[in-house]
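What follows is one structure encoded as structure tokens, with my remarks underneath.
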Amino acid sequence: MSKPIIVWLSPPGPNPWKVIVVLEELGVPYEVKSIRFEDLKKAPFTDINPNGRVPAIQDPNTDLALWESGAIVQYLIKQYDTKNLLQYSDVKQQNLCNQWLTFQVSGQGPYYGQCTWFTYLHHEKLPSAIERYANEIKRVLGVLEGVLASKSEPQWLVGDRMTFADLAFVPWNDRLDAALGVPYDEKLDGFPHVKKWHERMTQRPSWVKAMELRAELMDEQGLDWDGKPKGIKRSQEL
Ligand SMILES: N[C@@H](CCC(=O)N[C@@H](CS)C(=O)NCC(=O)O)C(=O)O
């Protein structure tokens, strides 16, 4: 049995949950270091990730510290997915999985993140910025919808089974309600294939366990599900 991998995370942010869900799927032991957003740009975390963003991992089995969720997922797959549970062994499908992971880290996460920022956190209401990022989210969802719709059941991004490429999209798609300011159950309305694909993954024990852990860690930091301090109802009260 390998020694637990240390995962640095801040519970409200979606990116670390990509790493947790992959570790859960692979059954790799891990330990969480949960830190507050305001401590991300300070030591000791910046000694691990000079960019001050989560996730980051430290793997005592290989003496490797790594940051950037895409690099971490690729590492975990290479090092710990010895039975090809979340990947394929042939070069074509391997690289298609990497393509989707790269699209997720560069084309999904940043746009969803910016939309959330301009919707809730920016000091000025800038409708044109919110509109730009909301439109980009819809465009990204449209790309996923078209690709999934063209596949035969069960629909996955690559081949005929779930891989790390599919799982990588879950955390940000699950927070679409916050990014778009819509009810949780309506966040994927208009994208039926994405919705089914997303729900197939969020019903898995790996995601359920990850979200139970998130709830626990949010509670520990006095935060509600949406990241606001407990007791605050609207972002204007912050
Ligand atoms: N490209 C990075 C993005 C990481 C990222 O932005 N993480 C957010 C949490 S989801 C964060 O640390 N935000 C803190 C900040 O913006 O200061 C990755 O995929 O790991």
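Readers should treat all values here as calculations from the given coordinates under stated rules, not as data from a laboratory. Every value quoted in this text rests on a predicted model; they were computed, and no experiment measured them. Counting neighbours? That spans all protein chains shown, and the Cβs are built from the backbone with ideal geometry, glycine included.
Which of the trypsin sites (Lys or Arg not before Pro) found in segment 47-85 are loop residues per DSSP with 13 or fewer other Cβ atoms within 10 Å of their Cβ? Let's see the in-between values first.
Working: sites: Arg53, Lys78, Lys83; in loops: Arg53, Lys83.
Qualifying residues, ordered by number: Lys83.
Taking Cα centroids, how far is segment 1-40 from segment 151-218 in Å?
About 18 Å separates the Cα centre of segment 1-40 from the one of segment 151-218.
What's the ranking of 35-45, 63-73, 12-22 by average number of surrounding C-beta atoms within 10 Å, highest first?
Packing proxy ranking, top to bottom: 12-22, 63-73, 35-45.
Using 0.36 nm per residue, how much length does the chain from Arg161 to Ser106 gain when fully extended, once their Cα-Cα distance is taken away? List each step's numbers first, then the result.
Numbers: separation 55, 0.36 × 55 = 19.80 nm, distance 2.34 nm.
Contour length minus Cα-Cα distance gives 17.5 nm.
Running Debye on the chain with equal point scatterers at the Cα sites and no solvent, what base-10 log of I(q)/I(0) appears at q = 0.12, 0.13 Å⁻¹?
Those come out to -0.69, -0.81, one per q.
In whole Hz and in residue order, list the ³J(HN,Hα) couplings for segment 10-23 that follow from phi through the Karplus curve 6.51 cos²θ - 1.76 cosθ + 1.60, θ = phi - 60°; x for Gly and Pro.
Computed from phi, the couplings for segment 10-23 are 10, x, x, x, x, 4, x, 5, 4, 6, 4, 5, 5, 4 Hz.
At a 10 Å Cβ-Cβ cut-off, how would you order His123, His198, fewest neighbours first? Could you put the intermediate results ahead of the total?
Details: His123 5, His198 22.
By the 10 Å Cβ count, ascending, the order reads His123, His198.
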